[in-house]
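Structure, as structure tokens:
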Amino acid sequence: GQRELLTLRTQSPAVIDRLREMVRLAGGLDDRGRLRPECQELALACLSRFGERLGDMRAESVRVVGTYTLRRIGQNSDFVRRAGAAIGHPVEIISGIEEARLIYQGVTCSSPAVAGSHLVVDIGCGSPELIPGRGPYTDAVACLLLRCVVLSPHAFPVATLAKPNFQA
């Protein structure tokens, strides 16, 4: 999980807190699309730490979203309920298109202004996004079901970047 608290000061965001942990939730999916218990516990512990940092923020200032893996397991899963309790805010499972829109907004709001068109590429765990746009507006979004986290151990078992691994 990753979180940055931003505050608007004269139209540009500024980071006021930073906490980053790698959970790789999609890597915890079993063959039936369920999260393995050990992965759930790792994620819930991470969300609890995030919840501690969010404790003094007003509820209307916080939006907690679930992406690829939570789309796979569904809004009504016990894990989603436990995740909301751990972080102290309800978890909203969003579409790949909304995920891409938010990623694009985050990149364009936190990067120096660039004239012309840009392409934002998010290589996520399960559904990488290609997001073209101009200024603060996206043109179109392509969400790819590549399952990077799931496929990486098979194609790169020892994390070696070699031609046969890329072909695989």
Checklist outcome for this item: Here the residues within the stretch 93-131 that are loosely packed, with under 15 Cβ neighbours inside 10 Å and either over 30 Å from residue 33 (Cα atoms) or small (Gly, Ala, Ser) (or both) are 95, 109, 110, 111, 112, 113, 114, 115, 116, 117, 119
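For the stretch 58-66, does any single residue satisfy the condition of being hydrophobic (A, V, I, L, M, F, W, C) and open to solvent by 70 Å² or more (accessible area, probe 1.4 Å)?
Of the stretch 58-66, the ones hydrophobic (A, V, I, L, M, F, W, C) are 59, 62, 64-65.
Among the residues that remain, those that are also open to solvent by 70 Å² or more (accessible area, probe 1.4 Å) are: none.
No: the stretch 58-66 contains no residue that is hydrophobic (A, V, I, L, M, F, W, C) and open to solvent by 70 Å² or more (accessible area, probe 1.4 Å).
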Next on the checklist: Of all residues being among the basic types (Lys, Arg) and over 18 Å from residue 67 (Cβ atoms) in the stretch 15-38, which is modelled with the highest pLDDT? Just the residue, please.
Outcome noted: 36
Checklist entry - What number of residues within the stretch 77-92 are touching a helix residue (DSSP H, G or I) at 6+ places or on another chain (Cβ under 7 Å) and either under 15 Å from residue 62 (Cβ atoms) or open to solvent by less than 50 Å² (accessible area, probe 1.4 Å) (or both)? => result 9
Checklist entry - Which condition number does residue 146 fail, the rest of (1) over 28 Å from residue 15 (Cα atoms); (2) modelled with pLDDT of 60 or more; (3) in contact with a Pro (Cβ under 8 Å, 6 or more places away or on another chain) being met? => result (2)
Next on the checklist: I'd like to know if the stretch 75-95 contains one or more residues that are touching a residue at least 40 places away in the same chain (Cβ under 8 Å), among the hydrophobic types (A, V, I, L, M, F, W, C) and within 17 Å of residue 24 (Cα to Cα).
Outcome noted: yes
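The values are calculated or read from the model by the stated rules, or taken from the named source; none is laboratory data. It should be emphasised that the depicted structure is a prediction, and the values quoted were computed from it without experimental measurement. Note: ideal-geometry Cβ built from the backbone for every residue, glycine included; neighbour counts use all protein chains shown. Ligands, DNA and RNA are stripped out before the accessible areas are found, and what is left, the full protein with its side chains, is counted by its heavy atoms. Shrake-Rupley method; radii C 1.70, N 1.55, O 1.52, S 1.80 Å.
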